[in-house]
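Everything below concerns the one structure shown next.
Read-outs throughout are calculated quantities, based only on the coordinates presented, and are distinct from any laboratory measurement. Remember, it's a predicted structure, so these values are computed and weren't measured experimentally. Cβ sites come from the backbone with ideal geometry, for glycine too, and all protein chains shown count toward neighbours.
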Amino acid sequence: MKVRRFAKVGGRLPGPKAAAVVAKTAKYLSPSISRFYPLVVDSAHGTLVKDVDGNQFIDFAAGIAVLSTGSTHPKVVQAIERQAEKFVHFSYTDFYYENLVELTENLVSKVPGKFQKMAYYGNSGAEAIEAAMKLTRNYTRRPLYLAHTGAFHGRTMGSLTLTASKPIQRKGSLPLVPDAVHFPFPYCYRCPWKQTFPECDYYCVDYFKEQYLEKFVPVDEIAAYFFEPIQGEGGYVVPPPEYFKKMEFLRKEGVLFVSDEIQTGVGRTGKFLGIENFGVVPDLVTIAKGIASGLPLGVMVARAEIMRSWKPGQHASTFGANPVAVEAALATLEIMKSERLMENARRLGGKAMKRLMEMKERYEIVGDVRGLGLFMGVEIVKDKRSKVRGEEEAKEIMDYCFRQGLLVIMAGRNTLRVIPPLTVSEDEMDEGLEILEEGIAATNSRVKRG
Ligand SMILES: Cc1ncc(COP(=O)(O)O)c(C=O)c1O
């Protein structure tokens, strides 16, 4: 085992204590949860994670893009403690508290759009999506939703209606909420129309108009178009730069734009929201994951005019906007500003991207590298020419990284995510990328040998 500065793994994984927890988990917890590898966390600080057997890992997964300020940032911990001593719950569905208006004032000022905005709070990403689904129907009085294949918007019955990234998510739960129409996301590396960008001149948009709107989807019955500015669970897929602008023709038809920022939001792409990279101002946005540095909080922000279409009692959630989570969110926004985390995401993301691009040149199994800021994906293939998905190969690299002390996880079937906390240091990033490259090199050699 190589001696490294941050990643320190002694012996086989899982260690004895971790193996015992994994065995009990299989006995008592729902098998619907699918895990990447047997990491049993004992403690985590910043970008470093210790397991129950004393091994130390570099975190390139950030609790699935949640730990924006890293684990247990002292200011977040202080904020949680401060609030926990005052009151931990009072239900904003029936009463008021001060820190919630403070957070909302701050948050809506960061969401693009010169118009007035209002917020609704739940506890998770899926709840924010559910709220956006209800609100857009209520406001437009239209029944249909538009979403993309490859999309992930949650697994509750409503949000699952929009999700279309893996059949297993829907298996056994059909039928869902009527009525959502899915059309392909512009995944240029695997263009569904076998076109090449930019020569294609956004053929995907023409196809959508001709094959959907002209053939079977009544545009004046669409309430909202839900999209991730960069698809997350679908494989870290970045659309071409003008795509969302080209889709704006829908707005003239009264279709609301809902940008699902649950994974791309809170500075991860180097801008506060992912959609800011594409020059479109949505009517609604959904934010969760990174907003409270690990405490559960889901937010739906909408144009005030749209939000005001709801009457008292139409939507609420007992635990929504928990005051401790709200305080953690305020601390998160403060840290983002004082520690210039979006700048860090752009700078270290840019550096990492350069290094990942070099890996793409060097290794036959690296098919594509894409992303913005600290939201990056490495798509693994059997070989560059066939582009056959390297599912086993990606898993092999992920397992190698785990055994060497780096936590990377997959997105889609064969893409490795590089999503460390936004507080990651340059040295941690370099060591993590070194381990990742070792894993890629080892699998590349194995594939070459046949
Ligand atoms: C883009 C996006 N939307 C919605 C969700 C659902 O969020 P949650 O798991 O908090 O319900 C996720 C979760 O991964 C997501 O990535």
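In this structure the amide hydrogen of GLY122, modeled in the peptide plane, comes within under 5 Å of the amide hydrogens of GLY298, VAL299, MET300, ALA321, none closer than 5 places in sequence on its chain.
Summarising the overall dimensions of segment 75-338 from its C-alpha atoms, the Rg and Dmax are 18.6, 60 angstrom. Here's the list of lysines a cross-link from LYS337 could span, going by alpha-carbon distance under 16 Å and ignoring same-chain residues fewer than 8 apart: LYS75, LYS110, LYS271.
Ordering THR332, TYR225, SER445 by the projection of their Cα atoms onto the charge dipole of the chain, which places +1 on the Cβ of Lys and Arg and -1 on the Cβ of Asp and Glu, puts SER445 at the extreme positive end.
Each Lys or Arg adds one and each Asp or Glu takes one away; over the other residues whose Cβ falls under 13 Å from the Cβ of MET300, this sums to -2. Counting only DSSP beta bridges with both residues in the chain, the antiparallel share comes to about 65 percent. Computed about the Cα centre, the dipole magnitude for segment 380-450 is approximately 760 debye when only Lys and Arg (+1) and Asp and Glu (-1) carry charge, each at its Cβ.
Simple point charges give the picture: +1 on the Cβ of Lys and Arg, -1 on the Cβ of Asp and Glu, and for the chain a dipole about the Cα centre of about 800 debye. What shape does segment 226-305 have by the C-alpha gyration tensor, where a ≥ b ≥ c are the square roots of the eigenvalues, rounded means a/c under 1.5, and otherwise prolate means a/b greater than b/c and oblate the rest? Verdict is oblate for segment 226-305.
Along the positive direction of the dipole of segment 75-338 (beta-carbon charges: Lys, Arg +1; Asp, Glu -1; about the Cα centre), which of PHE185, ALA131, SER173 reaches farthest? Toward the positive end, the furthest listed residue is SER173. If the cut-off is a Cα-Cα distance under 23 Å, which lysines reach LYS134, setting aside same-chain residues fewer than 8 apart in sequence? Within the straight-line limit of under 23 Å, LYS134 reaches these lysines: LYS117, LYS252, LYS289, LYS311. Taking 16 Å as the straight-line reach from the Cα of LYS8, the aspartates and glutamates in range (excluding those fewer than 8 positions away in the same chain) are ASP42, ASP51, ASP53, ASP59, ASP399, ASP427, GLU428, ASP430, GLU431, GLU434, GLU438. Among the helices of the chain, those built from whole DSSP H runs whose Cα atoms reach 15 Å or more along their own axis and whose mean Kyte-Doolittle hydropathy is at least 0.0 are 16-28, 323-338.
Only four residue types carry charge here, +1 at the Cβ of Lys and Arg and -1 at the Cβ of Asp and Glu. Report the dipole size of segment 75-338 about the Cα centre in Debye, rounded to the nearest 20. Working shown, then result.
Numbers: 29 positive and 28 negative charges, 44 e Å.
Dipole size: approximately 220 debye.
Averaging Cα coordinates gives a centre for segment 83-119 and one for segment 205-279; these two points are 27 Å apart.
Compute the convex hull volume of the Cα atoms of the chain, divide it by the residue count, and report the result per residue in Å³ as a whole number. Mind dumping the intermediate values first?
On the way: hull volume 69.7 nm³, N = 450.
Output value, Cα hull per residue: 155 Å³.
Restricted to Cα atoms, segment 19-177 shows a radius of gyration and a Dmax of 19.8, 56 angstrom. A dipole drawn for the chain from +1 and -1 charges on Cβ atoms has a positive end, and of VAL388, ALA147, SER68 the residue lying farthest that way is VAL388.
Of all DSSP beta bridges confined to segment 75-338, the antiparallel ones make up roughly 40%.
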